[in-house]
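Throughout, read-outs are computed from the coordinates displayed, never taken from laboratory work. These figures come from a predicted structure and were not determined experimentally. A quick note on method: Cβ atoms are made from the backbone with ideal geometry, for glycine too, and the neighbour counts reach across all protein chains shown.
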Amino acid sequence: MQNHCVLKSAKVSFTFILLLIFCGCTSHQHPDKKIFHYNEQTGIASLDPAFAKNQSIMWAVHQLYNTLVEVDSMMQLGPSLAKSWEVNNNRTIFTFHLRTDVFFQDDPVFANGKGRMLVADDVVYSFKRIMEKATASPGAWIFNKRVDTLQPFVAINDSTFRLTLLNPFQPIIGILSMQYCSIVPKEAVEKYGAEFRRHPVGTGPFTFMAWEEGHALVLKKNDHYFERDAEGKPLPYLDGIKVSFFDSKATEFLEFQQKRLDFINDIEASFKDEILTKSGGVKTQWEGKITLQKHSYLNVEYLGILVDTNSVLVKSSPLRLQKIRQAINYGFDRKKMMLFLRNSIGTAAESGFVPKGLPSFNDSIVVGYGYNPAKAKRLLAEAGFAGGNNLPVIKLLTIPIYADLGSYIANELSQLGIKIQVETIQKSLLLEQTAKSQALFFRGSWIADYPDAENYLGVFYGKNPAPPNYTRFANADFDKLYELALTEINDSIRYDLYRKLDKIIILEAPIVPLWYDMAIHLVQTNVTGFYPNSLNLLELRRTRK
């Protein structure tokens, strides 16, 4: 009976919070409250940064926590909890100087319920926690074989933190901007244990209020947040955030139409044509009613080709021949594909594997494959299969939602004599087969974990297993350049090395780049200061309603 009352009380409390603070934002009860509403179709599995492995968790964690460094809208890394840092001469020791005006959010775990100041020991604890087997964080790989084995993380004093690497690895700063690296207080993790996933205590712009899983998550403004705008006004501007969990994109769109959601991320394929023109603009009937945001998203869609010469699969396949792989790359029209299958959401991948949106991207230097059927036919003939004669059927593995994409490519290539058989399988099976090098020709995608081209080029490093090297590409020249790029501190020189690496991938063609992705947002017209970046991170600190 007592447990039942506690549960009932919690339900009433949650409902009361929603009614009092958040329902009022669409009525006349609290017209002064500025609450940002969005939907998370997939739900949110955890609010613990150590488990921020997908977008739904990362978006929520980003509101509640901070990292040492962060990425701005131009994909540049800058200070956050760390106000500055320096690196020793051999690029293995990074010393961070922390802000001294950052406090954890108020919580009963602290003395008198008042949040205490963040110190360097919190950084040490947070990073060690990611690596500990007991935590079982999916982000443990970020420090694996990169940080010193004896003293990787050290608090010099309350405001100075030292990170020591085994070997120089310039992209480490980008890694520290990942949500996995959010700083958490030891007291809260130890007190709440397994419940820490739903009882977050951070330093971020918003604090946790309530969460009824499957129904709603409620966050409120952190009145003690340390950041201010250029005019000295405290951030954030919003009073709170409410996340709903409608599992239907159709319901989500209806909620947006009725102005009960402030934005939606991506558009369901079934009603893309209702909103967007083929060229990717808003149709006339929607003009002035919604704001359409499109921007580069660090994701490349591609077809992968197993090129391990020791594989029996490869030895018996025409894909072992470089010219066949190149012919496939030249043999279909990516721009037409984007127009008719994607409503121009994304950019035809006619450069390298590194996508548009990264600072090192330069399609005038890294020139990939455009549509050139004459060149494709010539390459086929040079490979000994003129007109496709005697060329065996090549099987392409994909998942059901990309079946139309596979069919389009197969149809285009068939006109050159290249016969592609498209086979759809479940995503889990495709991942298993690519990881075990059992898929010869497969559809894939690669989303950036951090804003550095190394994140893409490491996919082809010969010493990397599958994952991430699903094609089992191995090239001595590539590996030497890649290792050199890891230690290069001059951005211009490092970007030049990245482009040389990308050119090798284009020439050897272990992949068929399809398109560089684009994030698309539909936003209510009364929302301002809502700026996306190429990581498609939900940024609400400077958003107004």
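Remarks
- Structure-derived Cα extents along the principal axes in Å - corresponding label in (1) 79, 60, 52; (2) 70, 50, 45; (3) 86, 64, 63: (1)
- DSSP bridge pairs, the chain: antiparallel proportion in percent, nearest 5: 85
- Net charge of Cβ neighbours under 11 Å - reference L217; Lys, Arg +1; Asp, Glu -1: -1
- Nearest 10 degrees, 0 to 90: helix 491-508 Cα axis against the chain principal axis: 40
- Part-to-part distance (alpha-carbon centres) for the range 463-531 and the range 320-358, which is given in Å: 15
- Rg to Rh quotient for the range 124-195, alpha carbon positions, Kirkwood Rh: 0.96
- The distance separating the Cα centre of the range 220-259 from that of the range 119-177 comes to 31 Å.
- Residue-count net charge about R99 - beta-carbon cut-off 13 Å; Lys, Arg +1, Asp, Glu -1: -3
- Annotation: the antiparallel percentage among DSSP beta bridges lying fully within the range 299-518 is about 70.
- Charged side chains reduced to their Cβ positions (Lys and Arg at +1, Asp and Glu at -1) give the chain a dipole of some 860 debye around its Cα centre.
- Projected-area mean, the range 327-477, by convex hull of Cα positions, square nanometres: 10.0
- The separation of the range 202-218 from the range 40-103, counted between C-alpha centres, amounts to 19 Å.
- With Cα atoms, 0 to 90° folded angle of helix 55-64 axis to the chain main axis: 30
- Computed as a quarter of the hull surface, the mean projected area of the alpha carbon convex hull for the range 65-199 stands at 8.7 nm².
- Compared with the dominant principal axis of the Cα atoms in the chain, helix 373-382 is inclined by about 60°.
- Convex hull volume of the range 466-541 per residue (C-alpha atoms, cubic angstrom): 167
- Between L77 and D496, the contour length at 0.36 nm per residue exceeds the Cα-Cα span by 148.9 nm.
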